[in-house]
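The values are calculated or read from the model by the stated rules, or taken from the named source; none is laboratory data. Please read these numbers as outputs of a predicted model, since none were measured by experiment. Using ideal geometry, Cβ is built from the backbone for each residue, glycine included, and neighbour counts are taken over all protein chains shown. We work out accessible area using only protein heavy atoms, side chains counted, and drop any ligands, DNA or RNA first. Shrake-Rupley method; radii C 1.70, N 1.55, O 1.52, S 1.80 Å.
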Amino acid sequence: MKVLVTGATGGLGKALVAGLIAAGYAVRATGRRDGQALRDMGADYIQADLTEAALNPLVSGIDGVFHAAALSSPWGRDRDFQAINVDVTRNLLAAARRAGCRRFIFVSSPSVYARERDQLELRESDPIAERPLNAYARTKGEAEGLVRAASDAGMACVALRPRAIIGPDDDVLLPRFLRLIKKGRFPLVHGGRALVELTDVRDVVRALIAAYMRAPEIGGAVINISGGQAVSVRALIGELADAMGRQVRFLPMPYGALRVIASSNETVCGLLPGRPEPALTVYTLSALAFSQTFDMSLARELIDYKPQYDAVKAACELGRRS
């Protein structure tokens, strides 16, 4: 089969292209940055901005799509998130259908659940947040709805929500933690008791390919994916600091005061020229303050998913090299 991978120059995209080629797929890949490394892997790489590029040529002759392209950030302009995360998804679904694609796998996000409270053993049947904490969460939820609604006998569509991806090309989560550790100080809310579940990028790739293979039988499904190992924020930062050979000082911080600061920062930065990213956002604060863990019964049932890699160990190894 020949497949298209969008967002191929991102951390997940690169790993997915490599995994698909290793599994025998012919891959056309697209992204906004230089893709020589992807060409070296054997992919047919086309550099493009999906908000501006003609999509029909990208899906021509393609059997299925892995849509990983997204604006993934805790901060930004609403219109940018809408254009990239929602409008591109809608247009790509339409182009894929016109081209006769039979399968469409969408990389969603568990940020759609994000609330300012602990949430343990989340299932796909649990409702997503009524009031999303940022534009990223809102638009990923909206795009996910478009994908699920588009699924039919002609084009089976599946959405996966991988949690906290850890990999060598990650530029979202782990680098932020490592920068704080290198500064020697890390803020702790609620004593750092919040539980997080990291996911090794190799497990995410396996899950995406499994969803592609099973798509005709599970079209319309949404599936939570995680590494299955819950660790507290304090323990995670401690393990990362030890791996890096660094001393880190934990700074206890009251949630209420930080919530006021984060909200005020967002208001001020939203009015400044260029809308610079605040040092702290409400979404980032909630991720550090509240637990989010997952029941992966459905992932086991639909795509036979079981994590094979220890994402905490992978994160520590990456931290050791940093």
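Kirkwood Rh over alpha-carbon pairs of the range 1-84, then Stokes-Einstein at 10 °C and 1.306 mPa s: what D in µm² s⁻¹, rounded to an integer?
122
Working from the alpha-carbon coordinates of the range 179-236, get Rg over Rh, Rh being the Kirkwood radius.
1.18
What order, most packed first, do the peptides 29-40, 240-251, 193-204 have when packing is the mean number of other Cβ atoms within 10 Å of each residue?
For the peptides 29-40, 240-251, 193-204, the packing ranking is 193-204, 29-40, 240-251.
Report the gain in length on full extension from CYS269 to GLU317: 0.36 nm times residue separation, minus Cα-Cα distance, nm rounded to one decimal.
Taking CYS269 through GLU317 to full extension adds about 13.8 nm, to one decimal.
Using mean Cβ contacts within 10 Å as the protection proxy, how do 257-265, 129-137, 102-110 order, highest first?
Per-residue mean Cβ counts within 10 Å order the peptides as 102-110, 129-137, 257-265.
For the range 98-253, what is Rg from Cα atoms divided by 2.2 N^0.38 Å, rounded to two decimals?
Against the compact-globule rule of thumb, the ratio is 1.20.
Calculate, in nm to one decimal, what ARG176 and ASP49 gain on full extension: separation in residues at 0.36 nm each, minus their alpha carbon distance.
Contour length minus the Cα-Cα distance gives 43.1 nm.
Where Rh denotes the Kirkwood radius from the mean inverse Cα pair distance, what is Rg over Rh for the chain?
0.96
I'd like to compare 5-12, 299-306, 164-171: which one has the highest average count of other Cβ atoms within 10 Å, and what's the full order after that?
5-12, 164-171, 299-306
Which number comes out as Rg/Rh for the range 244-307 once both Rg and the Kirkwood Rh are worked out on C-alpha atoms?
Over the Cα atoms of the range 244-307, Rg/Rh equals 1.19.
Give me the compactness ratio for the range 1-154, meaning the Cα radius of gyration over 2.2 N^0.38 Å.
1.06
Cα-based Rg of the range 44-114 per 2.2 N^0.38 Å, rounded to two decimals?
Taking the Cα Rg and dividing by 2.2 N^0.38 Å, one obtains 1.16.
Could you tell me, in Å, what Rg and Dmax come out for the Cα atoms of the range 23-63?
10.6, 31
Leaving out ligands and nucleic acids, and using a 1.4 Å probe, what accessible area per residue does the range 26-149 come to in Å²?
46
Considering every Cα-Cα pair within the range 109-151, what fraction, in whole percent, is farther apart than 17 Å?
Percentage above 17 Å: 30.
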